[in-house]
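Participant: Following this message is one structure expressed as structure tokens.
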Amino acid sequence: DTLNIKQRIIFDIFVSYYKAYLYSKDLAPILLQVDSYSGTSKSYIIYLLSA
């Protein structure tokens, strides 16, 4: 597992939303704000979610 605790929370939120979306296309788009100071691997979690 390459994610830290906070990254894992973001990932789990996204995956839960995506699973719900697969069953109900009527969901509004997910909006996640990912911010923190430099060096916290924000780009890494965004890369994982967009892959």
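Participant: Could you tell me whether any residue of region 34-50 is outside any loop (DSSP other than H, G, I, E, B) and in contact with a Phe, Trp or Tyr (Cβ under 6 Å, 6 or more places away or on another chain)?
Facilitator: Step one: of region 34-50, the residues outside any loop (DSSP other than H, G, I, E, B) are 42-50.
Next, only the ones that are in contact with a Phe, Trp or Tyr (Cβ under 6 Å, 6 or more places away or on another chain) stay: 49.
Scanning region 34-50 turns up at least one residue that is outside any loop (DSSP other than H, G, I, E, B) and in contact with a Phe, Trp or Tyr (Cβ under 6 Å, 6 or more places away or on another chain).
Participant: Go through the chain residue by residue and tally those that are surrounded by 11 or more Cβ atoms within 10 Å (Cβ to Cβ), at negative phi and not aromatic (F, W, Y). Talk me through it step by step, then tell me what you get.
Facilitator: Initial filter on the chain (surrounded by 11 or more Cβ atoms within 10 Å (Cβ to Cβ)): 3-4, 6-18, 20-21, 27, 30, 32, 34, 40-42, 44-46, 48-49.
Filter again for at negative phi, leaving 3-4, 6-18, 20-21, 27, 30, 32, 34, 40, 42, 44-46, 48-49.
Restricting the remaining residues to those that are not aromatic (F, W, Y) gives 3-4, 6-10, 12-13, 15-16, 20, 27, 30, 32, 34, 40, 42, 45-46, 48-49.
Residues flagged as surrounded by 11 or more Cβ atoms within 10 Å (Cβ to Cβ), at negative phi and not aromatic (F, W, Y) within the chain amount to 22.
Participant: OK, next. Looking for something in contact with a helix residue (DSSP H, G or I) (Cβ under 8 Å, 6 or more places away or on another chain), in a loop (DSSP other than H, G, I, E, B) and touching a residue at least 24 places away in the same chain (Cβ under 8 Å) - is there at least one such residue anywhere in region 11-30?
Facilitator: No, that holds for no residue.
Every number in this text was worked out from the coordinates using simple rules, so none of it is lab data. Quantities reported herein were computed from a predicted structural model and do not represent experimental measurements. Note: ideal-geometry Cβ built from the backbone for every residue, glycine included; neighbour counts use all protein chains shown.
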